[in-house]
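Input: a single structure, listed below in C-alpha cells.
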Amino acid sequence: MLGTVIKAELNNMLRDKMYLVFALYPIILGGIGYFLINYIEERVAQDNLAPEILAMFLILMTGYIFGALIAFTLLDDKDDLVLMSLKITPISVKSYVIVKLVVAFIFGFVATLVITLATSFLPNASFWSIMLISFTGALQAPGLTLIVNSFSRNKVEGFVVMKLSGLLLVLPVIAFFTMNWQEVFLVFAPGFWPARLIQIELLPEFETNFNYITYFILGVIYNMLFLTLLMKIYTKKSNL
C-alpha cells in the first residue's frame with residue numbers, strides 16, 4: 001500500500017498546481033538560500049549568526065513544507081469521502097492515515113537530505129551527520145500533517161492552522177542563543193532537536209548540554225511520543 005500511496009501523492013503534485021508549488025518550494029528555497037547565505041557571509045561580521053540561522057531555518061522548512069503538502073492531500077481525501085469509503089474495505093482508515101504519515105516523512109527526509117547536500121548548507125558536516133539531521137528534521141512532516149488535520153475541517157481552516165503552527169519554527173531560532181539549562185523550555189518544539197544538531201555542526205566551538213548522538217536519540221524519542229499523542233487526538237476527533 002505504501003507504494004500505491006506514494007504514486008498517488010506524486011500524481012497529486014503533478015495534477016494540482018498548489019501541490020506542485022508545495023513540492024517545488026524546497027528547491028526554490030534551497031536555490032535562494034545558496035546565494036543569499038554567501039551574500040550575507042560576505043557582508044556581516046564573523047561572529048554574526050545570521051548565515052547559520054538562515055541555513056538552519058531553510059533546512060527545517062523542507063520537512064515542514066512536505067508535512068503541509070500531505071496534510072492538504074489528506075484533507076482532500078476527507079472532502080472526497082475517500083476516508084469514509086475505506087470503512088467498507090479491508091484496509092482500515094487508521095492504517096491508510098499512518099501510511100500517509102510515513103509518506104510525509106519519506107518525502108521530507110529525501111528532500112532535506114538532497115537539498116542539504118546540494119547547497120552545502122552544512123559544509124563541514126559528514127554525510128552521516130546530514131543523514132541524522134535529515135531524519136530528525138523530517139519527523140516534523142507527519143507531526144504537521146496531524147496538527148492540520150486534527151484542528152481543521154477544510155482547506156481554509158487548514159491554511160490557518162498551518163500558519164499558526166509555523167510559529168513552532170521560531171523556537172529553534174531561539175535555541176541558537178540558549179545553551180544552558182534554559183533550553184528545557186524549547187525542547188517541546190519538534191524542530192528544536194534537528195536545530196541543535198545543525199548548530200553543533202555549524203558552531204562546534206559552542207558548548208551544549210549533551211553531545212550530538214544524545215541530542216539525536218532524545219529528538220527521535222520525543223518526536224515519536226509527540227506523534228503518538230497527535231495520532232490519538234486525530235483518531236478521537238475523526239472518530240476512526
Anyone know which of GLY33, GLY166, GLY137 comes out most mobile in the 10 Å Cα GNM of the chain? GLY166
Given a 10 angstrom Cα cut-off, can you work out which residue in MET61, MET84, MET131 is the most mobile in a GNM of the chain? MET84
Would you please name the trypsin sites (Lys or Arg not before Pro) within the range 127-186 that are DSSP coil residues with at most 16 other C-beta atoms within 10 Å of their C-beta? ARG153
If you line up the long axis of helix 127-138 against the longest principal axis of the chain, both from Cα atoms, how many degrees apart are they, to the nearest 10? 50
Sorted by Cβ density within 10 Å, fewest first, the residues ILE28, ILE40, ILE198: ILE28, ILE40, ILE198
Comparing PHE135, PHE185, PHE121, which has the greatest mean-square fluctuation in the GNM of the chain with Cα pairs linked when under 10 Å apart? PHE185
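Sorted from largest to smallest, which semi-axis lengths in Å does the alpha carbon gyration tensor of the range 178-240 give for its equivalent ellipsoid, taking the root of 5 times each eigenvalue?
Working: eigenvalues 174, 23, 15 Å².
Semi-axes from the Cα gyration tensor: 29, 11, 9 Å.
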Using DSSP to call loops (not H, G, I, E or B), can you name the trypsin sites (Lys or Arg not before Pro) in the range 59-130 whose Cβ has at most 13 other Cβ atoms within 10 angstrom? LYS87
Over all directions, average the projected area of the Cα convex hull of the range 110-240 and note it in nm². 8.6
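Order of PHE151, PHE109, PHE66, PHE35 from fewest to most other C-beta atoms within 10 Å? Before the final figure, lay out the partial values.
On the way: PHE151 16, PHE109 21, PHE66 31, PHE35 10.
Result, fewest neighbours first: PHE35, PHE151, PHE109, PHE66.
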To the nearest 10 degrees, how steeply does helix 2-15 sit against the main Cα axis of the chain, on a 0 to 90 scale? 80
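Can you tell me the alpha carbon radius of gyration of the range 21-160 divided by the globular rule-of-thumb value 2.2 N^0.38 Å?
Details: Rg = 17.7 Å, N = 140, 2.2 N^0.38 = 14.4 Å.
So the Cα radius of gyration is 1.23 times the expected 2.2 N^0.38 Å.
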Name the longest site-free stretch of the chain, where the excluded sites are GluC sites (Glu not before Pro) in a DSSP loop with no more than 15 other beta-carbon atoms within 10 Å. 43-204
What are the principal axis extents of the Cα atoms in the range 106-149, in Å, biggest first? 38, 15, 14
The helix 50-79 Cα axis meets the longest alpha-carbon principal axis of the chain at an angle in degrees, between 0 and 90 and rounded to 10, of 0
Using Cα centres only, tell me the gap between the range 97-121 and the range 26-70 in whole Å. 16
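If you average 1/r over every pair of different alpha-carbon atoms in the chain and take one over that average, what Kirkwood value in Å do you get?
Working: mean 1/r = 0.0542 Å⁻¹.
In the chain this quantity evaluates to 18.4 Å.
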In what sequence do LEU24, LEU86, LEU101, LEU69 fall when counting other Cβ within 10 Å, fewest first? LEU24, LEU86, LEU101, LEU69
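Where a number appears in this text, it was derived from the coordinates with a stated rule and is not lab data. What you see is a predicted model, and the numbers here were worked out from it, not measured in a lab. So basically every Cβ, Gly included, is an ideal-geometry build from the backbone, and we count neighbours across all protein chains shown.
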